[in-house]
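The structure appears right after this line, and notes come after that.
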Amino acid sequence: GRQCFGDKWNAELTADMGGLKLAYLACTHKENFNFDKFFRCYAHYFAYIATDNFISSMITNSHPIGYVRVNCVLSQSQEFIDYYKLKEGDMMYTSPDNIVAIW
């Protein structure tokens, strides 16, 4: 599997993974919930144009840049992988034995 987690970002990415999982679980109780829109909204939340100042701050910032928060967190979500029917060879696929379990 790909390496997503560095020491500097572990806590934030773990929190993101937990938040995504809790939000997903809350939505499973809603009839006809649009999970495609759910995952796309998650990704769009972290979509932004990074300024030079922001990029410079990444040296000391404990918050990962947006694409890391999206790609690493979603690729660690079995729900995301199952929903989009990702398989080995797909860009955001992570095998079940390489997924970090939050709970």
Determine which member of the set Ser75, Ser95 is under 15 Å from Thr14 (Cα atoms) and either out of contact with any helix residue (DSSP H, G or I) (no Cβ under 8 Å at 6 or more places or on another chain) or polar (S, T, N, Q) (or both).
Ser75
Pairs with Cβ under 7 Å, 6+ apart, first in segment 28-55 and loosely packed, with under 11 Cβ neighbours inside 10 Å and among the aliphatic types (A, V, I, L, M), second assigned to a helix (DSSP H, G or I) and at pLDDT below 90:
Ala47/Gly66
Are any residues in segment 14-46 in contact with a helix residue (DSSP H, G or I) (Cβ under 6 Å, 6 or more places away or on another chain) and more than 20 Å from Lys85 (Cα to Cα), and if so, which ones?
Asp16, Phe46
How many residues, within segment 56-103, are under 10 Å from the mean Cα position of the chain (by Cα), surrounded by 14 or more Cβ atoms within 10 Å (Cβ to Cβ), part of a helix (DSSP H, G or I) and not charged (D, E, K, R)?
9
Which condition from (1) in contact with a His (Cβ under 9 Å, 6 or more places away or on another chain); (2) modelled with pLDDT of 95 or more is the one that Arg69 breaks?
(2)
Across segment 23-38, the tally of residues that are over 13 Å from the mean Cα position of the chain (by Cα) and of a type in the set (A, V, I, L, M) stands at 2
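The values are calculated or read from the model by the stated rules, or taken from the named source; none is laboratory data. As the structure is a prediction and not an experimental result, all values here were calculated from the model. Using ideal geometry, Cβ is built from the backbone for each residue, glycine included, and neighbour counts are taken over all protein chains shown.
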